[in-house]
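Asks: Input: one structure, supplied below.
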Amino acid sequence: MARTCLAVVLAAGDATRMKSSKSKVLHTVGNLPLIAHVTRAAATAGVNKVALVVGRDADLVTEAASAGLDVPVSPVLQTERKGTGHAVLMARDIITEGFDDVVVLYGDAPLINPESLVAATAERAKGADVVVLGFRAADPTGYGRLLERDGELVAIREHKEASIEELAVDFCNGGIITFSGSKAVGLLEAIGNDNAKGEFYLTDIVEIARSHGLKCIAIEAPEEDMMGCNTRAELAEIEQVWQTRARHGAMLSGVSMIDPSSVFLSHDTVLESDVKIEPNVWFGPGVKVGSGAVIHAFSHLEGADVGANATIGPFARLRPGTELAEKVKVGNFCEIKKAKVGAGAKVNHLSYVGDAVVGAGANIGAGTITCNYDGQNKHLTEIGAGAFIGSNSSLVAPVKIGDGAYVGSGSVVTMDVPDDALAIARVRQETKPGRARRLREKIAAIKALKKKM
Ligand code: UD1
Ligand code: MG
């Protein structure tokens, strides 16, 4: 029978060093809150339930932790921060529901690899009672040191409690500890707070377990996976690592990036194979790009579905609700918002298309604006298949341009245009032969007269 596992995610920190009006774990990496990265990793690793230890912003943190997750999340409140051991015990009632394994995770360490969690439960299945995920620290200052003997873990010594010899150990506690669900409460209740910080250290669980003849081991994970976030600077470092991984994953799945370091992805960005991305492109949440599409430099996409073989930019902005069919072209300095654009249609230069439906093969001339907002309401512009909108036209919504219709350049269209009709809505041109020469002579004469005076 498959093992059952409870994840206890600690997210009650007050995070003063973030200097923020909101809980640290609500800050984002890849446009997803830190806490959601952690709960999703736990879900991917196959945990059956998440006990979320919350303090500040409890409701928002719970919401962020559980959004889109198919594993139940139960919040438990830690009103006073008394240490990691105390924090885990807040979930006592959930722990006693009965799980084979309990794994403790930190809500502010979003880079954890689900495979490490699986590796830890595999060690539990093989007989270890406590499994600690460790890493070799480039600079171990501040971390708990993992003290091993004969292949077993004998203690985790917090930095403040460590002897000089122990401080020289570079194998450190990453914070992720997996232990026996049936023994959890007994072990946690035995933790005291007689130490340098006066806190209940979860890390004491190792020595307590050993005193009961239980087996503790440490397994190693990359230091990068354990990065925690305490300051905005650390948040940016974590973002860099996350972005590097996401870009790498995209490239391995068949996406070309000329300068990956300047392409920013979101947690849910979907890029199909043979998508090509030029430098300096930003993908906000909710973007999907179909195969063969090219995203030219300096484009900004958010909430947009880009069809196969479309070309976007340079300098294009796709806002939420954009749905572009295959082979659509959106060119430089164009903004598309909440608009469906049919296959092969072109919006190539300096246009705003918002709250609109554009038919297949339509050509939207340079500088076309859908005037969608009257100051209070948004209105729809419909442009038929194969329609041609002349440059510098304003389409005052609600308005409908029929299939195959033609709008003369510079028109301000306020009434519907039927299929195949030509609409010209601009002042008729007047041409006065010879008038320019006469005007020039008159201006010159006046100038000469003024000079004499
Ligand atoms: C902890 C470990 C240390 C390890 C390090 C890795 C202990 C005693 N020490 O130290 O061995 O090397 O993490 O980063 O566990 N939290 C609560 N409630 C509390 C206390 C903490 O929710 O009462 C949360 C914090 O918000 C944080 C996490 O638990 O997300 C860890 O707490 P923190 O104070 O950062 O522990 P460290 O001193 O860094
Ligand atoms: Mg810490």
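Asks: Which is touching a residue at least 24 places away in the same chain (Cβ under 8 Å), open to solvent by less than 50 Å² (accessible area, probe 1.4 Å) and either assigned by TED's automatic domain parsing to the domain that holds S261 or in contact with a strand residue (DSSP E or B) (Cβ under 9 Å, 6 or more places away or on another chain) (or both), of G307, G331, G344, G321?
Replies: Only one candidate qualifies: G307.
Asks: Is there any pair linking a residue in the stretch 182-208 that is over 17 Å from R92 (Cα atoms) and at pLDDT 95 or above to one that is within 14 Å of ligand 1 (Cβ to nearest atom) and among the aromatic types (F, W, Y), with Cβ under 6 Å and at least six apart or on different chains, and which?
Replies: Going by the 6 Å Cβ cut-off, the qualifying pairs are N193/F200.
Asks: Can you tell me which residues in the stretch 39-85 are away from ligand 1 (no atom under 12 Å from the Cβ) and hydroxyl-bearing (S, T, Y)?
Replies: Listed by number, the residues that qualify are T39, T44, T62, S66, S74.
Asks: Hey, among the residues in the stretch 55-108 that are within 16 Å of ligand 2 (Cβ to nearest atom) and of a type in the set (S, T, N, Q), which one's nearest to G228 (Cα to Cα)?
Replies: Per the criteria, the residue is T84.
Asks: To continue, here is another question. Could you check the stretch 350-381 and list, in sequence order, the residues that are part of a loop (DSSP other than H, G, I, E, B), among the hydrophobic types (A, V, I, L, M, F, W, C) and either open to solvent by less than 10 Å² (accessible area, probe 1.4 Å) or more than 20 Å from A425 (Cα to Cα) (or both)?
Replies: Within the stretch 350-381, L350, A360, A362 meet the criteria.
Asks: Tell me which residues, restricted to the stretch 4-24, are in contact with a Phe, Trp or Tyr (Cβ under 9 Å, 6 or more places away or on another chain) and at pLDDT 95 or above.
Replies: T4, C5, L6, V9, L10, A11
Asks: Which one is farthest from the chain's Cα centre (by Cα) among residues in the stretch 255-304 that are open to solvent by less than 30 Å² (accessible area, probe 1.4 Å) and farther than 21 Å from E323 by Cα?
Replies: If we take residues in the stretch 255-304 being open to solvent by less than 30 Å² (accessible area, probe 1.4 Å) and farther than 21 Å from E323 by Cα, then M257 is farthest from the chain's Cα centre (by Cα).
Asks: Still on this model: Can you tell me which residues in the stretch 220-235 are away from ligand 1 (no atom under 13 Å from the Cβ) and aliphatic (A, V, I, L, M)?
Replies: Matches in the stretch 220-235: A233, L235.
The values are calculated or read from the model by the stated rules, or taken from the named source; none is laboratory data. All values derive from a computational prediction rather than experimental measurement. Neighbour counts run over all protein chains shown; Cβ positions are idealised from the backbone, glycine included. All accessible areas refer to the heavy atoms of the entire protein, side chains included, with ligands and DNA or RNA removed. Shrake-Rupley method; radii C 1.70, N 1.55, O 1.52, S 1.80 Å.
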